[in-house]
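Please read the structure below before turning to the comments.
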Amino acid sequence: MDIKAVKFRTGGFYTQPFVFGGEEGPEKFDPQIRYRGSLQNYLIDTGDEVILVDTGLPAGTPEEVPDETSILYTGKDICSYMEAFAALGYKPEQVTKILLTHKHSDHSGELRSFPNAQIFVNEDEMSAPELQGIPNLVPVKFTDGAYYNFPACQKIREGITLIKAKGHTNGNSIVIVENDGLFYMIHGDITYVDEALYENKLSVVFDDLAADRETMDRVREFVRNHPTVYMGTHTPQGYENLEARRVMDLDNPVPTVFAEVDFSKQEATGKYVCSICGYVYDPAEHDGVAFEELPDDWKCPRCKQRKEKFNKA
């Protein structure tokens, strides 16, 4: 079995208040501390199947233009998700299954591009706007009982398990691949950066804080008791852990490499993009109302995050 990263954005950052501030509040943390950010999803080649875990941003999603006040930045395009997928040597028709960790469009953006794939989705996400009109959705009910200390799972095939992990979204899930004595945990934004797992901190993005805490506690317990390669979507630590087959040791953190940030001015378009779900606010589609003119309590129509989660595009 071979697991590969599908890398499509690099050079981003996530500030400490964003990745640590879910329970104590972002004001308790230093906004000048910026952890490295990127975007990648994952591909599992079993030898007789090609299985994707999530499918990147939709083609055409604009890059963001961050400044010194931005609390996060998803990075610059390396290429589109589909170009990154093709660069690994595969064709869309080869994909038989897609395991969706959650609805946000940096995870679900290209689901329509894989015509032969069954798309396994936590049944609690089926009504999400991002998933409407997509064929081949398979609602997952997690009927296979417990997976170690996780109460509910669905076995996809031998060695690949989808695990219910509510919190970040109400239908959030984790994929665990067992291979060569290791547990590869491909997670749906349990953390944005590995430092948050080491420090036992929740991000400010969650649908259910209590469930998010419960899921974090279960993840940390699992990691302590099983040799786990921890693979995130939003940090290069995800693919670095994969490529090094690095087992997460909560008592011996990998030294942090902070983001190198260049705030040189780029020309903005007047559009703004939600760094959480990818929603693009275009004044032309809102009677010419500039983003800056929206009230302070305005929220993303898709994921309900506040204005500070948006960056210029």
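The values are calculated or read from the model by the stated rules, or taken from the named source; none is laboratory data. What you see is a predicted model; the values in this text were computed from it and never measured. Cβ atoms come from the backbone with ideal geometry, glycine included; neighbour counts cover every protein chain shown.
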Quiz prompt | Pairs where the first residue, in segment 157-172, is among the β-branched types (V, I, T) and the second is surrounded by 21 or more Cβ atoms within 10 Å (Cβ to Cβ) and in a loop (DSSP other than H, G, I, E, B), C-beta under 7 Å, 6+ apart | solution = T169/H102; T169/K103
Quiz item: How many residues are in contact with an Asp or Glu (Cβ under 8 Å, 6 or more places away or on another chain) and of a type in the set (V, I, T) when one looks only at segment 195-216?
Solution: 1
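Going residue by residue through segment 116-124, is there one that turns out to be over 19 Å from the mean Cα position of the chain (by Cα) and either surrounded by 15 or more Cβ atoms within 10 Å (Cβ to Cβ) or among the hydroxyl-bearing types (S, T, Y) (or both)? Write out each step before concluding.
First, pick out the residues of segment 116-124 that are over 19 Å from the mean Cα position of the chain (by Cα): 116-118.
The next check asks that each one be either surrounded by 15 or more Cβ atoms within 10 Å (Cβ to Cβ) or among the hydroxyl-bearing types (S, T, Y) (or both); those that pass are 117-118.
Yes: one or more hits.
Residue under question is E83, and the condition is that it be assigned to a loop (DSSP other than H, G, I, E, B), surrounded by fewer than 22 Cβ atoms within 10 Å (Cβ to Cβ) and among the charged types (D, E, K, R); does it hold?
Numbers: assigned to a loop (DSSP other than H, G, I, E, B): no; surrounded by fewer than 22 Cβ atoms within 10 Å (Cβ to Cβ): yes; among the charged types (D, E, K, R): yes.
No, not satisfied.
Is segment 41-60 home to any residue that is within 25 Å of V261 (Cβ to Cβ) and over 14 Å from the mean Cα position of the chain (by Cα)? Spell out how you get there, then give the answer.
Restricting attention to segment 41-60, the residues satisfying the condition of being within 25 Å of V261 (Cβ to Cβ) are 41, 56-57.
Applying the additional criterion that residues be over 14 Å from the mean Cα position of the chain (by Cα) yields none.
The answer is no, given that none of the residues of segment 41-60 is within 25 Å of V261 (Cβ to Cβ) and over 14 Å from the mean Cα position of the chain (by Cα).
Anything in segment 158-175 that is within 20 Å of I44 (Cα to Cα) and either crowded, with 24+ Cβ neighbours inside 10 Å or not assigned by TED's automatic domain parsing to the domain that holds T143 (or both)? List them, or say none.
Taking segment 158-175 first, the residues within 20 Å of I44 (Cα to Cα) are 158-164, 172-175.
Once the filter is applied, which keeps residues that are within 20 Å of I44 (Cα to Cα) and either crowded, with 24+ Cβ neighbours inside 10 Å or not assigned by TED's automatic domain parsing to the domain that holds T143 (or both), segment 158-175 yields L162, I163, N172, S173, I174, V175.
Residue-by-condition table, conditions (1) assigned by TED's automatic domain parsing to the domain that holds T61; (2) at pLDDT 95 or above; (3) of a type outside the set (G, A, S); (4) crowded, with 16+ Cβ neighbours inside 10 Å:
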{"residue": "K97", "(1), (2), (3), (4)": "yes, yes, yes, yes"}
{"residue": "R112", "(1), (2), (3), (4)": "yes, yes, yes, no"}
{"residue": "S127", "(1), (2), (3), (4)": "yes, yes, no, no"}
{"residue": "L137", "(1), (2), (3), (4)": "yes, yes, yes, yes"}
{"residue": "F150", "(1), (2), (3), (4)": "yes, yes, yes, yes"}
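Is there a residue in segment 286-300 that is small (G, A, S) and at pLDDT 95 or above? Full working, then the answer.
Within segment 286-300, the subset small (G, A, S) is 288, 290.
Those still in the list that are at pLDDT 95 or above too: none.
Among the residues of segment 286-300, not one is small (G, A, S) and at pLDDT 95 or above, which makes the answer no.
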Quiz item: Name the residues in segment 197-225 that are crowded, with 17+ Cβ neighbours inside 10 Å, touching a residue at least 60 places away in the same chain (Cβ under 8 Å) and in contact with a Phe, Trp or Tyr (Cβ under 7 Å, 6 or more places away or on another chain), would you?
Solution: K201, S203, V204, D212, R218, F222
Quiz prompt | Hey, A211 of a type in the set (A, V, I, L, M) and in the same structural domain as F183 (by TED's automatic domain parsing) or not | solution = yes
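Residue check: is E93 assigned to a helix (DSSP H, G or I), over 26 Å from C300 (Cα atoms) and either free of Cβ contacts under 8 Å to residues at least 40 places away in the same chain or not assigned by TED's automatic domain parsing to the domain that holds I276 (or both)?
Details: assigned to a helix (DSSP H, G or I): yes; over 26 Å from C300 (Cα atoms): yes; either free of Cβ contacts under 8 Å to residues at least 40 places away in the same chain or not assigned by TED's automatic domain parsing to the domain that holds I276 (or both): yes.
Spelling it out, E93 is indeed assigned to a helix (DSSP H, G or I), over 26 Å from C300 (Cα atoms) and either free of Cβ contacts under 8 Å to residues at least 40 places away in the same chain or not assigned by TED's automatic domain parsing to the domain that holds I276 (or both).
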Exercise. Quick one: count up the residues across segment 263-282 that are farther than 17 Å from H107 by Cβ and surrounded by fewer than 21 Cβ atoms within 10 Å (Cβ to Cβ).
Key: 10
Quiz item: H102 is checked against (1) over 25 Å from D2 (Cα atoms); (2) crowded, with 19+ Cβ neighbours inside 10 Å; (3) not acidic (D, E) and fails just one. What number does that condition carry?
Solution: (1)
Quiz item: Would you say Y281 is among the hydroxyl-bearing types (S, T, Y) and over 20 Å from the mean Cα position of the chain (by Cα)?
Solution: yes
Quiz item: Would you say E178 is assigned to a strand (DSSP E or B), modelled with pLDDT of 95 or more and in the same structural domain as F20 (by TED's automatic domain parsing)?
Solution: yes
